[in-house]
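**Student:** Can you keep this structure in mind? I'll have questions shortly.
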Amino acid sequence: MMSRKAKTQHERLERRLRALGGSPPTARSILANMLAFTPVSAQLGHTPAEKNTQHLMITFSAASAEMGMYESLASAAERAGDKETVLLARQLQQEEKEDHSLAWEHLHRSASEALL
């Protein structure tokens, strides 16, 4: 569910960037994908419960970072007078907050199961 949401967030951001006359940087996208894979590759040999807990921790951390990123985007857009980008940034920030809360809700149970 969160992966689908992240894909739509990326698409909405890219649409807005293109509407403003820009385009996404390809090299940075490749680097971001490589860095995102690194924590998951360290899970070899872990139990499914441990992997689930690690995925929740990654999701929680990423959502925290993205909430901050969207706050920065909203602030910059507001200073530039770009109300449409401010609205988009606030919508995306709210979606990340929902993911953050959802991951937090499941983290304790998952970690407890991993210890059993």
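No value in this document is a laboratory result; all are computed from the given coordinates. These numbers were taken from a predicted model, which means no experiment stands behind them. As a convention, Cβ positions derive from the backbone with ideal geometry for all residues, glycine included, and neighbour counts pool all protein chains shown.
**Student:** Please list the three semi-axes, largest first and in whole Å, of the ellipsoid equivalent to the range 40-116, using sqrt of 5 times the eigenvalues of its alpha carbon gyration tensor.
**Tutor:** Output for the range 40-116: semi-axes of 34, 12, 7 Å.
**Student:** Follow-up question, since we're still on this one. Once you put a point 7 Å from the Cα of residue 91 and another 7 Å from the Cα of residue 17, both along the Cβ direction, what distance in nm separates them?
**Tutor:** Here the modelled spin labels are 1.8 nm apart.
**Student:** Okay, next question. Which residues in the range 93-114 place their backbone N less than 19 Å from a point set 7 Å from the Cα of residue 47 along the Cα-to-Cβ direction?
**Tutor:** From the range 93-114, the list is 106-114.
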